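A short worksheet on the structure shown next.
A short reminder: the numbers here are calculations on the coordinates, not readings from a lab. Not measured: the values here are computed from a predicted model. Note that each Cβ is placed from the backbone with ideal geometry, even for glycine, and that neighbours are counted across all protein chains shown.
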Amino acid sequence: MEPNLYAGQRLLSLKASYWAGDPQRGDVIIFRYPDDPDRLLIKRVIALPGEWIEIHDNQVYINDKPLKEPYAQGTNKPYQRTKVPDDSYFVMGDNRQRSNDSRNWGTVPDENILSKAWLRYWPLYDWHLLSSDLDTPD
């Protein structure tokens, strides 16, 4: 998730975040890796259930509209237009050139999502709330 999150930082997450609602685009989530449920990953939600995602010319498109991503770093490899299954989410890391994410292994089933990361508290000099920081396509 570099450049926004680094190894060694400490986060608070809310397990109750999604008891009353679903993950939203831009949420930074902690989930069980679909290929190894004992492994936890943290990524950003990019596309929601039922949406179409495509990447070309270094731009992410949701339902054929460009997604503004001020948090993203690096270039995006092309990704063929794909519909996100109704019970899953498409996630990506913020460092697009180095991230192992939905572009490589597919979507995250909603039952694998554990919590929403919402506060970085360590190191103390760099604590802050995590935000979505993106414009949702209309």
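Descriptive notes on the structure:
- Difference of contour (0.36 nm per residue) and Cα-Cα distance, Asp36 to Ala20: 3.1 nm
- Sites Lys65 and Arg98, calculated FRET efficiency, Cβ-Cβ separation with R0 22 Å, nearest 0.05: 0.25
- Phi to ³J(HN,Hα) by Karplus 6.51 cos²θ - 1.76 cosθ + 1.60 over segment 51-56, Hz, x for Gly, Pro: 8, 9, 10, 8, 10, 8
- Ranked list, fewest to most other Cβ atoms within 10 Å of each Cβ, for Trp52, Trp105: Trp105, Trp52
- Nonlocal amide H pairs with Lys68, under 5 Å, H built at 1.01 Å: Asp135
- Rounded to the nearest Hz, the phi-derived 3J(HN,Hα) couplings of segment 75-90 under the Karplus curve 6.51 cos²θ - 1.76 cosθ + 1.60 (θ = phi - 60°) are 9, 9, 6, x, 9, 5, 3, 9, 8, 6, x, 4, 10, 9, 10, 9, where x marks glycine and proline.
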